[in-house]
Every structure is written in structure tokens, then in C-alpha cells.
Amino acid sequence: MVSIYKAKAKAQGPQHLTLTVERWDHEAQSIAYHDGKICFVQGGLPGETVKVKLNEQKPQYNKGKVQTVLNASPLRIQPACPVAGQCGGCQLHYVGAQDSLTLKQQAVAQLLSHQLKITDLPWQPALSAGNTGYRRKARIGIWYEKSTKQFQVGFRKEQSHEVLAVSECLVLSPVIAKVLSVLHDTLPKLKHGPVITHAEVFDADGQAYVIVRHIKELTAGDVELLRQSWPEAYWYGEAEPEQLTPWQANTPEPSYSLALSGREPLRLAFKAGDFIQVNAAVNQLMVEQALQWLAPTVDDNILDLYCGIGNFSLALAASGAKVLGLEGVPAMVKRARDNAKANGLANCEFAHVDLHLPWPKAAWNKPDFQKILLDPARAGAPGAVDEIARLKPAQILYVSCNPTTFARDAKVLLAKGYRIAKIGVMDMFPYTSHLEVMALFDTVRQ
Ligand SMILES: C[S@@+](CC[C@H](N)C(=O)[O-])C[C@H]1O[C@@H](n2cnc3c(N)ncnc32)[C@H](O)[C@@H]1O
């Protein structure tokens, strides 16, 4: 057998380049060109001349990070976050949230026009709410350094698994921001602090919940110290994934509410590990817009795909429409059922289905739905979009957290005879490179 060894490719060309940023792409990376080669750069703004340190050089592209700004854009601001540029949580503190939303939207519009070959997409106003204090859930990284016997409490560093110590966070909801100082101060006082590997924290409509993940049992004394360090919060221990032990008797289930016009707000209970939309205010606007665009009526039969714990399903069912929610995680299907029952919605059912496998023969798998909503994860809905088109709904509402997979799936729907009737972006994660998209497809009338 002949083995062919390739000499490890040496980095070609210079390690630093001076570049002029032309625009942002849909992931808020700056696009610049060097001798005709495209360069993707973190940390720049359109129009700026920047000195870039390259971290990847390929025949087709370079990647790098801004080291020095030689000619700053008027949009550049002094980051309010002291760990901007180091913390992996946010990428865009060097530009105001409103300006970055405009730039992100332009980049997404350009991507979609190019991919879908439609120049005049029917853009609607962007949905956004407050730019700080918006995260209602977060995972807090904990690292115990044996050599120094010190704990690092914070978030993962940019493009790294290392934990960056963070004492305050601008985007964390004020209800849960305290978790950083509480853990920082209390962990060194515990008998077995190093068995704690990370924590999750939720702001459930103003009530803080902390889930402490530990790889060995904690002593009763350690549990008590943690609880007393923040008595207003409800605490759980989680020795095994999904085996939550509340540390207080009568701990109420975490839940959030969704306001609906003309009726009592919905209340959705969830557990650690369930998907919930991170930004409560934008989620409220997003659900309202979905209801406006789909305009459900009592005569409608609606399919809600990737339904999670019923965030959209329950709001749609509250209009009187018959709703079936499909979800791939059995625990969330159960939660969605319980939520429908607790909110008195008998016209809302749920089933467990892996939507990325060929859809099963089932009573629901028939062209009986006038309207279909889908809200997949970042992978989009490969295969599922073909199944959706086969069911021939009059309207499809696609909620996407990844413009690239949305473009791919939208192409399938356009090829099957749908058109985009409305499209808009939603700033679910200000100061980050993410942007969500909502699009309403309907059938092309001849
Ligand atoms: C972005 S979340 C949306 C959840 C819900 N619509 C909401 O607004 O809270 C995507 C959901 O898709 C589910 N999911 C991911 N892959 C799936 C698959 N192959 N089949 C079914 N559901 C899937 C996830 O478990 C998650 O609940």
C-alpha cells in the first residue's frame, strides 16, 4: 500500500494585512479583498481601513481579526462592556445596537436577494425591543484552577472552551445578572466547590432560578451556603442531566407568560433543558407578528412544526383554530400538552416526530392544513420543507434563526410554487452577530 504524505501546508503570505472593509456579511463578518482574494474579518465596520491579524489562510479566502483601526467608521463606539472582544457571548459591542441591526439587516437582505434571485423582497419593519438586559436564560461557565485553587466564573472566551471571568453582563436580564457575583463569592467557601462544573440561570417572568450542575454529591452544608448566598432565587441541583432536585420545598415550576389581546395571558411552564426563546420582549413581538401574518380563525387547521413547549401553538390555538404541534424532544411534547391543558386549550394537540426523517404514515399526515408554521433550529428544515409543500397549505410561516439555511429551504418552497408575501427580521440577540428572520409564504395566484 502506498501512503502519500503531504507536507503540512505552511501559512502562505503575510500574517498581517491592511484592508478596507467593503461591507458586512450575514454573520456580521467584515468583507474585504486582498489581491482579489476575499477576507472575512472579525471586528470591522464598512468603510474602515483596518490592520488585520490573519488566523486562517486558504487558497480561496483568508480569515482574521481586526488588530488596529486605522480609519474608524463614525458608527464605531467605545464598548460599554469591559470584556468586549474577549467574551464569546457578544461580538458587536463596538457598534451601537441600532446601527448594527441596520447593518445586519442589509447583509441578510443582500444574501437573500442573491440566493433567491429576488431583488424586491417585501420587507416589513424589523422587530426589536431593549438592547440590554434581554437574556432571560444563560449558561454560566465555572472553571476551577487546581494550581491556584481559584474559580473562574463567567462565559466561554471567543472561539475557545476556556472560561473568561466576568463580573457583570450588560445583556443578562437584571433579575439573573447577580448569579455571577453570587457564584464568584460563594464557590471558594464551599467544602466541595470543584465538583460544580457549570450553572444555568433563568429569569422566569421576574423570578430567578439557578440550576447547579455538579459531578459528585454536594454536602448539605454546601447546598445551604449556596441557597443563603441568594435566598430570593429558587435553586436546583442537577447531578445527572435532567435529574433536577429542588433545594427548597414547594419550588414552583418556572414559567413565562405571553400576552394576547382580548384574553388572559398564556402561561408556559418549562424545565431546564427545554428550549425557550432567549429574549422575552422580542418573543412577545414575534408571536404577535406571527398571529397578525397568519391571521388564524376558528375554521383553520394549523400545523406548528418544531413547536418546543408550545410557544406558537398555544397562541394560535387561543384564536379558536385547531392546532397540531410536532416536536422532536419527547419531554417538550409532554410539556406542550401540559401547557395546553393548563391554559384550557382543548383544541391543541401535540405529537413526537423527528421531522428530518421521512414523515411517518399518521392520521395527521394529510393535506388538511390551511396554514403551517415552522420554527426550526439553526440546521433549518431539510426534507421537512418538501413534506410541507406536499401538504399544500395555503400559507407557510417560516421563523428562522439562520439566514443561510432559511435561504436554502426558501428556494425549495419557491420552486414548489410558493412566493414570499412578507418578510422581516427580528433582533433577538442585540450586540451579537445573530439575526432572526420571519417570512410568510403563500401560493402564487395565477
Ligand atoms: C428554535 S426551537 C423553536 C421552539 C418553539 N417553536 C419556540 O418558539 O419556543 C426549535 C425546536 O425544534 C426542535 N427540533 C430540532 N430538530 C428537530 C427534528 N429533527 N424534529 C423535530 N423537532 C426538532 C427542537 O427540539 C426545538 O424545540
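No value in this document is a laboratory result; all are computed from the given coordinates. None of the values given here were measured: they were computed from a predicted structure. Note: ideal-geometry Cβ built from the backbone for every residue, glycine included; neighbour counts use all protein chains shown.
Each of Ser261, Ser319, Ser113 was scored by other Cβ atoms within 10 Å of its Cβ. Arranged with the fewest first, they read Ser261, Ser113, Ser319.
Extending 7 Å from Cα along the Cβ direction at Arg76 and again at Asp368 yields two label points whose distance is 6.1 nm.
The Thr443 and Lys216 beta-carbon pair, evaluated with R₀ = 60 Å, returns a calculated FRET efficiency of approximately 0.55. Between Asp185 and Asp338, the modelled label-to-label distance comes to 3.4 nm, taking each label 7 Å out from Cα in the direction of the beta carbon.
Sorted from longest to shortest, the spans of the Cα atoms of the chain along the three principal axes equal 64, 62, 61 Å. Each label point was placed 7 Å from the Cα along the Cα-to-Cβ direction; for Arg263 and Glu240 their separation is 3.9 nm. This ranking places Arg335, Arg23 by how few other beta-carbon atoms lie within 10 Å of each, fewest first, which gives Arg23, Arg335. For the pair segment 92-127 / segment 283-335, the C-alpha centres are spaced 27 Å from each other. Seen from Glu200, the other residues with C-beta closer than 10 Å to its C-beta sum to a net charge of +2, counting Lys and Arg as +1 and Asp and Glu as -1. Full extension of the chain segment joining Gln106 with Glu22 gains 29.0 nm, where the gain is 0.36 nm per residue of separation less the Cα-Cα distance. Residue order for Lys104, Lys53, Lys146, fewest other beta carbons within 10 angstrom first, comes to Lys146, Lys53, Lys104.
Within the chain, DSSP assigns beta bridges of which about 70% are antiparallel (rounded to the nearest 5).
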